[in-house]
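Comments concern the structure below.
The values are calculated or read from the model by the stated rules, or taken from the named source; none is laboratory data. As the structure is a computational prediction, the values presented were derived from the model and not from experiment. FYI the Cβ positions are ideal-geometry reconstructions off the backbone, even for glycines, and counts take in every protein chain you see. Keep in mind that these areas ignore ligands, DNA and RNA; they rest on the heavy atoms of the full protein, side chains included. Shrake-Rupley method; radii C 1.70, N 1.55, O 1.52, S 1.80 Å.
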Amino acid sequence: MEGANKSLCISGLHPKPSDDTIRAIRKMTSSSPNLALQSLRSRLGHVCVALQGSSPAELFQKAEAAAPEHPFLEFRLDSLPNPAAALPRLKAFLEANPLVTAITTCRRKPNGGGFTGSLSDEVEILAKAAGGGSQLIDLEIESAEAMKHADLDKLRAAGAAIIISYHDFEATRDLDAVYQRIQKFQPDFVKVVPTARSLADNLTLFSFLEKYGEAGNVIGISMGEYGVISRVLGVRAGSAFTFAASSVEDATAPGQIPARALVENYRIDHIAAGTKIYGVAGNPVRSSLSPLMLNTAFRRETVNAVYLALQTSKLTDLLKLVQTIPIHGLSVTMPLKQEILEHLERTDPLSAKIGAVNTIVRAQDGKLYGFNTDVGGIVGPIERRRPIRGLKVLVLGAGGASRAAVFGLREKGADVTIYNRTVETAQKLAKQAGAKTIKRELIGKTHFDLIINSTPAGMKGNKLTHILEPGEIHADLVFDLVYNPVETLFLRMAREKGIPVITGVEMFVHQGARQFEIWTGKPAPEEEMLRVVVHALRQQQAEAQAPAVAKEEPKHVEAPKPAAVKVEHKPEHKPQPAKTSPVKATVTIPVAKKPAATAAPVKEKAPEKKAPMPVKKTAVKVAPTKPAAKAPTKAIAKSPVKKAAAKPVPVKAAAKSVKKAVAKAPVKTAKKK
């Protein structure tokens, strides 16, 4: 009963017990291993925040900051130069914070950690950590297999629950064999952490968790950018808990998600069997703000769903994940927008004409239906500024987004010219859409009403920063479909020439709002989606500028923070606003006056506790900013049966029922077998 009451206390349902009560519980449970373990399991949360530091002072400063919001902490003593020196501070911290549940790890360097001491040194440190109040200690399987029985008995006698962990930093192999290898030592918890080299590797981990997770003592996570979904969905599959970072910069393992993002953005505590899964699929999607934007919309409209980043360049890998988990809907980005078309049962007529989709709906029978919301996201912002008919437009690029731009503009009567580095691709698109192509040397000699960049040039993380040089930009209006960063080099060059611009944020939010409506049948909270995206981008900008400012300042002077971020965009906490009707995107970027649903910051230096200062609701233009500075994997999944390229279906009907959206006129492209 004490353990149960204590768990309730942690969640805030009961008042905090006194320190004497907590110590009495610890003393009582320590005398009965079974009772102690039962009590321990009852107090474990879904998220354990892994902490590391270059010194004990730094490590425990992070612990003090994390504990109020996340009282389940892992102390990576192997990150310290002298782990043993931190033991007194660990004991003092746990005595002062009796509601904290602690895991102590001192992983040796040969086994993937940072500790350079001997096996006996590791045993001594873990035993003393247990004696100092750490409720769990993590012992890697290699150390367990190498140590004497007496050393293992010493750790058991110290009173802490023992986690025996396995880490594979290269691949996902036979996890059943790993489990049997660990079980020989009869640990209190089994921790299995492979590395995902494909999305399908997560399915291997989920099958493992479903098989062994019922005991409640198995922890399973896939490391790496392909394993991010395991950190969100692993608990639903059977993992006792998952690990998170205290901030983006402080991850202790590849692919680790900040704790605040897991709790506030992904709502991990609410993910259950009935939660629908959506995601953005493509490469790269690591820096995508789609999860922030769509999860905010789901939370705001009380939709039981979660939206994930699905990093992949292999369509077969993605399709296996879609059908197995299953995934209920997808935002499709490069390089899959055209390739996925032939695997769809039907599409809307516009998508069939364009030959690319960016939105997928999975019906109950497992069939996939495709739509294209990019067209509205591109055409809408232009129409709000000027009529499109007769507009002389240059489109840079010939990929999926380019096709949406070209076909959408041609349907509205624009005179479209295409430039692409691969001339043949541009010529093919021009022929299909009734457009023209242009040679690079003629661009600087031609004036356009509008120039649109539909390539990834300038995107965060992309080495190619721009396509055109300043002397080649002769236009009345410039539109960059890249939204991160807000101010790309292309837009900056245009502004410096006095040319009005349209940022990619406007297009990004508009097309995302239409996706939300197709998936849910509800009006999208577009204003709130826009607000959290702008907030995150400005925060990223401020954090990117901070190191540069610090370099310019003398070492003894603290680098100033950007005023705009300081005043308007601090992380918000747990507001519960009333629902509002969807709003149309405007030329300017509105920022909500009253905080609505909170989105986890995309990048955090440390957990922020202060509430944000309100910002004005009046529309404001995004200020110019400096531009911020893939490896395809082999899919292990079998290639699914490919189906005929899609038959048209009305877009509007999809929000109500995919089945009702099926149109009669088929597209004649043959399905792949």
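The table below gives the values:
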| quantity | calculated |
| --- | --- |
| The range 418-504, Rg to Rh (Cα coordinates; Rh as Kirkwood inverse mean 1/r) | 0.96 |
| Antiparallel bridges, percent of DSSP beta bridges restricted to the range 311-392 (to nearest 5) | 80 percent |
| Net dipole in debye of the range 316-467 [+1 Lys, Arg Cβ; -1 Asp, Glu Cβ; about Cα centre; nearest 20] | 560 debye |
| For T373, residues with placed amide H under 5 Å, excluding near neighbours | N358, T359 |
| Integer Hz, Karplus 6.51/-1.76/1.60 couplings in order for the range 431-437, x for Gly and Pro | 5, 5, 9, x, 10, 10, 10 |
| Surface accessible to a 1.4 Å probe, per residue, for the residues of the range 314-436, Å² | 36 Å² |
| Cβ charges +1 (Lys, Arg) and -1 (Asp, Glu), total dipole of the range 140-216, debye | 160 debye |
| In sequence order, calculated HN-Hα J values of the range 391-400 (Karplus, 6.51, -1.76, 1.60; Hz; x Gly/Pro) | 5, 8, 10, 9, 10, 8, x, 9, x, x |
| Charge dipole (debye, nearest 20) of the range 193-269; +1 at Cβ of Lys and Arg, -1 at Cβ of Asp and Glu | 120 debye |
| Relative contact order computed over the range 161-207 (Cα-Cα under 8 Å; 6+ residues apart), in percent | 50 percent |
| Computed label-point distance, nm, for sites R173 and K367 using a 7 Å Cα→Cβ extension | 4.4 nm |
| Rounded if a/c under 1.5, otherwise prolate or oblate - the range 366-455, Cα gyration tensor axes | oblate |
| Backbone HN-Hα couplings from phi across the range 167-180 [Karplus 6.51/-1.76/1.60, Hz, Gly and Pro as x] | 10, 10, 8, 10, 7, 10, 10, 6, 6, 4, 5, 4, 4, 5 |
